[in-house]
Amino acid sequence: MSDSAERTRRVGRGTAVAVLVAGTYFMELLDGTIVATAAPAMGRDLGVDSAAIGVAITAYLVTLAVLIPVSGWLTDRIGSRTVFVGAIVVFTVTSGLCAASGSLVELTGWRILQGVGGALMVPVGRLVVLRGAGRANLVTAIAILTWPALAAPVVAPFIGGVLVDALSWHWIFLINLPLGVVAVVAAVLLVPQERAPERIPFDWIGSLLACVGLGALVVMAALLSLDVVPVLPAVVAGVLGAVCCWLGVRHFRRAAHPILGLSAFRLETFRVSHAGGSLFRLAVNGVPFVLPLLFQDAWGWSAVQAGSAVLFVFVGNLGIKPATTPFLRLFGYRWVIIVSSGVAAVSVALMALLTPSTPFWVIATLLVVSGAARSVGFTAYNTIAFADVEQAEMTPANTLSSTLQQTAAGFGVALAAVVLRAAAPLGGAVGAVGPDGTVGPDGGGAGAGVPYAVTFSVLAALILVACVEGFLLDPAAGEGIRPVRRRVRDAAAAGVGTDD
């Protein structure tokens, strides 16, 4: 086989693995967000208040956040294919067990085990893709891995509404069974078995600090979003989380083999991707959570209507995809980050001005633009994160990146819920807030949308901070992985050669 044919075969196999990992990522993210839509039906069937179903959501998100740091060590010790296939099996089997649950306690227990599978499944799969892509194909690989983060939070309300209305809440878990079987077969055939050349001892202290610190912070966020906030437990969780995270950072800087290596933060590209980039991810992940609530609770739309409207964000996500690489090629990462975050901030701020009388075509256009901006921003941030990471440092950098991204995504929904709850009394002057503390469709006309306007404004401000940070980024950042045509053209114009 010629070198060209062999290179083509490797690229094709790498693309297939990236699509497989993206599919498992979509399953994980969908499962983390779709339960909220089915909460009322699940509560009726399990004999509890629908708000109590939140403990099952929190248990899943906490498990994901705290176990991701372990994924890199397990991959290097046991092997990438073994861990990835095993994680898919655990995730798929526990999905069926969640569907068979007869009580909230049982459901929560299976959700924790499902989170174990998800916490190992996606980071390990992404590590395999990053190791195999190389700098030349990194943009394409990251673009494939990014679409689940864009699609899942947007399509989850629609899919959840359809499944619950047409079938039952059990099907939000049962749909994972055939998908999981296909993913296991594909993983066995496609994913290589890779281990670290030397066995590194497990960082028990760092793992404990990371688990307790991140877990406590997620629990605090969940408690703050409740209708009646248990102040003392929330404060204790917050203090415990902050102290453990601080001690963890100190430990990771000094340990010989930390479970979370922080060395990647010395690279500007990685640092920007997870500083302003985390604010960007946090805010844009909160938007698809708030929109269905606005449409249903404030405007009185049905679940299917609300879910269908949010799909226009997905239209923007997909529609802009073919232009993302040309944008990076023409303008570079700095300006793409600045413009995409700026447009995202403006579009989210304009959502605060929406009212039930706003023409639907205006709403749809705004959501399409918002979806396009988040798509371009996600791809730029996710790609530039690994622009300067050497192959030998890919495992700790990927583990750290996965942990920070999962934490940002989880806190995006939590922050939106906290702000919405805190702003709810602002609608009370016109009767928007009901006796139970919720904003109802008949509460008070335009006043019912005030808490949502405040929430959109806060999210827009966070994105704007990310936009400002983009101006501080080195104009040459990411040139090592910038799409090839522009660099070839620039080299030719300068009269020099290029190896690309």
Conditions (1) open to solvent by 60 Å² or more (accessible area, probe 1.4 Å); (2) over 20 Å from Ala408 (Cα atoms); (3) not charged (D, E, K, R): number failed by Pro258
(1)
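Condition test on Thr324, is it open to solvent by 10 Å² or more (accessible area, probe 1.4 Å), modelled with pLDDT under 80 and among the β-branched types (Val, Ile, Thr)?
Values: open to solvent by 10 Å² or more (accessible area, probe 1.4 Å): no; modelled with pLDDT under 80: yes; among the β-branched types (Val, Ile, Thr): yes.
No.
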Residues of the range 29-55 being assigned to a loop (DSSP other than H, G, I, E, B) and modelled with pLDDT under 65, in sequence order, are Asp49
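In the set Phe84, Phe26, Phe91, which member is modelled with pLDDT of 75 or more, under 19 Å from Val129 (Cβ atoms), open to solvent by 10 Å² or more (accessible area, probe 1.4 Å) and of a type outside the set (Val, Ile, Thr)? Give the derivation first.
Details: Phe84 fails: open to solvent by 10 Å² or more (accessible area, probe 1.4 Å); Phe91 fails: open to solvent by 10 Å² or more (accessible area, probe 1.4 Å).
Going through Phe84, Phe26, Phe91 in turn, just one is modelled with pLDDT of 75 or more, under 19 Å from Val129 (Cβ atoms), open to solvent by 10 Å² or more (accessible area, probe 1.4 Å) and of a type outside the set (Val, Ile, Thr): Phe26.
Evaluate the range 465-474: report whether one residue or more is modelled with pLDDT of 55 or more, in a loop (DSSP other than H, G, I, E, B) and surrounded by fewer than 21 Cβ atoms within 10 Å (Cβ to Cβ). Outline the logic, then answer.
Restricting attention to the range 465-474, the residues satisfying the condition of being modelled with pLDDT of 55 or more are 465-474.
Now drop any that are not in a loop (DSSP other than H, G, I, E, B), which leaves 472-474.
Pick out the ones that are also surrounded by fewer than 21 Cβ atoms within 10 Å (Cβ to Cβ) and you get 472, 474.
Among the residues of the range 465-474, at least one is modelled with pLDDT of 55 or more, in a loop (DSSP other than H, G, I, E, B) and surrounded by fewer than 21 Cβ atoms within 10 Å (Cβ to Cβ), which makes the answer yes.
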Could you figure out which of (1) open to solvent by 40 Å² or more (accessible area, probe 1.4 Å); (2) more than 27 Å from Val468 (Cα to Cα); (3) modelled with pLDDT of 85 or more isn't true of Val229?
(3)
Report whether or not Ala306 is surrounded by fewer than 24 Cβ atoms within 10 Å (Cβ to Cβ), assigned to a loop (DSSP other than H, G, I, E, B) and small (Gly, Ala, Ser).
no
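How about the range 385-425: which of its residues are aliphatic (A, V, I, L, M) and in contact with a Pro (Cβ under 6 Å, 6 or more places away or on another chain)? So that I can check it myself, show each step before the final result.
Step one: of the range 385-425, the residues aliphatic (A, V, I, L, M) are 385, 387, 389, 392, 394, 397, 400, 404, 408-409, 413-420, 422-424.
The answer is Leu420, Ala423, Ala424.
Pick out the one residue from Val389, Val376, Val413 that is modelled with pLDDT of 75 or more and of a type in the set (Val, Ile, Thr). Before the answer, list the steps.
On the way: Val389 fails: modelled with pLDDT of 75 or more; Val413 fails: modelled with pLDDT of 75 or more.
Just a single option satisfies the conditions, and that option is Val376.
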Might you let me know whether the range 250-261 holds any residue that is under 21 Å from the mean Cα position of the chain (by Cα) and among the hydrophobic types (A, V, I, L, M, F, W, C)?
yes
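Looking at this structure, is Ala242 assigned to a helix (DSSP H, G or I) and free of Cβ contacts under 8 Å to residues at least 40 places away in the same chain? So that I can check it myself, show each step before the final result.
Numbers: assigned to a helix (DSSP H, G or I): yes; free of Cβ contacts under 8 Å to residues at least 40 places away in the same chain: yes.
It is true that Ala242 is assigned to a helix (DSSP H, G or I) and free of Cβ contacts under 8 Å to residues at least 40 places away in the same chain.
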Here are some residues: Val413, Val376, Val343, Val348. Which one is free of Cβ contacts under 8 Å to residues at least 60 places away in the same chain, crowded, with 20+ Cβ neighbours inside 10 Å and not basic (Lys, Arg)?
Val376
Selection count, the range 280-303, where residues are within 25 Å of Val458 (Cα to Cα) and either β-branched (Val, Ile, Thr) or not in a helix (DSSP H, G or I) (or both):
6
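The values are calculated or read from the model by the stated rules, or taken from the named source; none is laboratory data. Computed from a predicted structure; not experimentally measured. Using ideal geometry, Cβ is built from the backbone for each residue, glycine included, and neighbour counts are taken over all protein chains shown. For the accessible areas, the whole protein counts, side chains as well, though only heavy atoms, and no ligand, DNA or RNA atoms are used. Shrake-Rupley method; radii C 1.70, N 1.55, O 1.52, S 1.80 Å.
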